[in-house]
């Protein structure tokens, strides 16, 4: 399970926070208990493993770890994959089979340092942490208003690096508009987890288009633009 953290931003004169978008990650495929794992390898540099192996995330939930597994395939970025092929998946070294949305596809591990790993159509987003180690995956850029993520089960969530696609709910109960939240993708599709003005709790607000008449808000709401972004949130009058 992976959940997306939140950050500080601004909405007109109010104090607002927004999410760090990224794909949710359950931790990879099954592990063969009869084949002891070598842990402590490097996901980005792909060092610390033997020839014919790759460094990846294996296990599920709290038992997930970074370890060396035998290569079970050579599929690359965006190719449909099998998350339980061999001990890990059938993606090439440096890729993870993201099965949190349909279909499961190979996505690259990445770093928050500037690089060309993710290309122009994606950004490097924090997916989750394992033993204080950040695991980041490339996530597709998207439009929070259009909600144009290409795979089922994903929502477009604004983040400090820009909006990106992440699995709706992140493994928790999905929060509706007006409900409290702790993580960006804990909110339902089309909502953003923010802290606005006098609101005590982080709250799911509906994302809207502040530049059109039909902005997506109800009659008793105003679409308030967030910073200089192309999107806003619906605030009750």
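What follows draws every value from the coordinates through simple rules; no lab data is involved. Being a predicted model, the structure only gives us computed values, none of them experimental. A quick note on method: Cβ atoms are made from the backbone with ideal geometry, for glycine too, and the neighbour counts reach across all protein chains shown.
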Select from segment 57-77 the residues that are in contact (Cβ under 8 Å) with a residue 60 or more places away in the chain, within 18 Å of the chain's Cα centre (by Cα) and over 8 Å from residue 88 (Cβ atoms) and list them in ascending order. 61, 64, 77
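For segment 158-176, enumerate the residues that are farther than 16 Å from residue 125 by Cα and not in a loop (DSSP other than H, G, I, E, B). Talk me through it step by step, then tell me what you get.
Within segment 158-176, the first condition is being farther than 16 Å from residue 125 by Cα, and the residues that meet it are 169, 171-176.
Result: 175, single match.
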I need a count of the residues in segment 141-171 that are buried (at least 21 other Cβ atoms within 10 Å of the Cβ) and at positive phi. 2
Scanning segment 177-194 residue by residue, those touching a residue at least 24 places away in the same chain (Cβ under 8 Å) and assigned to a loop (DSSP other than H, G, I, E, B) turn out to be 177, 178, 179, 182, 183, 188, 189, 190
For segment 172-185, state whether one or more residues are closer than 18 Å to residue 99 by Cα and crowded, with 18+ Cβ neighbours inside 10 Å. yes
Looking at segment 195-228, which of its residues are farther than 22 Å from residue 159 by Cβ and assigned to a strand (DSSP E or B)? 221, 222
With respect to the numbered conditions (1) closer than 22 Å to residue 105 by Cα; (2) in a loop (DSSP other than H, G, I, E, B); (3) in contact with a helix residue (DSSP H, G or I) (Cβ under 9 Å, 6 or more places away or on another chain), which one is the sole condition not fulfilled by residue 155? (2)
